[in-house]
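Written below as structure tokens is the structure these notes are about.
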Amino acid sequence: MKSKLLDAIGISAAVLCLIHCIVFPLLLIIPLGISHNPYIDLAFLIIGTLVVFRITKQVKNPWLNVLFWGSIVLIAVSVMADFIFEVHLPLIYVGAAGLITAHLINFKNHKH
């Protein structure tokens, strides 16, 4: 897969993750009978990790690699805290925003 395609997939997954993390708590207020499923967060984490792993093999900028992997770590800590302590940490928002930023920077730096 080309890096541009991976960036597009990464941006899409990170935006969907961020929308999920923002909208879902609002849906819990409405009595629809739904509850939070941490496996959805885990799915976003796995997709993000696979995409970041593939992209960072090609990225030459060490700071961009730190932003990619730091964002994944923040999301992973939040997801694991949800599984272990049943606490939804706001680190997931920072991680998703960091992934979006890193993908946009990487996409912009491509030689077209």
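Yes or no, residue by residue, for (1) among the charged types (D, E, K, R); (2) within 22 Å of residue 106 (Cα to Cα):
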| site | (1), (2) |
| --- | --- |
| 57 | yes, yes |
| 65 | no, yes |
| 68 | no, yes |
| 73 | no, yes |
| 88 | no, no |
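Residues in the range 49-96 that are small (Gly, Ala, Ser) and over 27 Å from residue 35 (Cβ atoms): 70 alone.
All of the numbers you see were taken from the coordinates with simple rules; none came from a lab. Since we're looking at a predicted model, the values are computed, not measured. Cβ atoms come from the backbone with ideal geometry, glycine included; neighbour counts cover every protein chain shown.
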